[in-house]
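Student: Before I ask anything, let me first share the structure, which is written out below as structure tokens.
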């Protein structure tokens, strides 16, 4: 996989998303232990599901490089665009949470 390809950039963004989601999960778990709010428990579940999705997609890219994602440039660009949108959403959520 070429790191400068849309797929390579999507893997990098997926890694950044995973790191941000891990930070969010840690903050929300800490807050849940302190406050016991069911909203925080829901946020922990939300971050856990998105974290698993990102880790599976990263593993999928590395394990199956002869798939549609790796071979079709259009699909690679679409996956990259979706990763960028997720990065924007997770970044805004991380900013708001840490503020």
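The values are calculated or read from the model by the stated rules, or taken from the named source; none is laboratory data. Since this is a predicted model, take the numbers as computed values, not measurements. Quick reminder, even Gly has a Cβ in these numbers, built from the backbone with ideal geometry, and neighbours come from all protein chains shown.
Student: Can you spot a residue in the range 29-46 that is under 16 Å from the mean Cα position of the chain (by Cα), at pLDDT 95 or above and closer than 14 Å to residue 91 by Cβ?
Tutor: Checking the range 29-46: not a single residue is under 16 Å from the mean Cα position of the chain (by Cα), at pLDDT 95 or above and closer than 14 Å to residue 91 by Cβ.
Student: Just for the range 1-28: of the residues that are over 21 Å from residue 95 (Cα atoms) and touching a helix residue (DSSP H, G or I) at 6+ places or on another chain (Cβ under 7 Å), which one is modelled with the lowest pLDDT?
Tutor: Checking each candidate, the answer is 1.
Student: How many residues does the range 1-31 contain that are within 17 Å of residue 63 (Cβ to Cβ), touching a residue at least 12 places away in the same chain (Cβ under 8 Å) and in a helix (DSSP H, G or I)?
Tutor: 6
Student: Out of (1) within 11 Å of the chain's Cα centre (by Cα); (2) surrounded by 14 or more Cβ atoms within 10 Å (Cβ to Cβ), what's the single condition that is false for residue 56?
Tutor: Only one criterion is unmet by residue 56, namely (2).
Student: Mind checking whether some residue in the range 75-86 is modelled with pLDDT under 85, over 17 Å from residue 15 (Cα atoms) and assigned to a loop (DSSP other than H, G, I, E, B)?
Tutor: So far as the range 75-86 goes, no, none of its residues is modelled with pLDDT under 85, over 17 Å from residue 15 (Cα atoms) and assigned to a loop (DSSP other than H, G, I, E, B).
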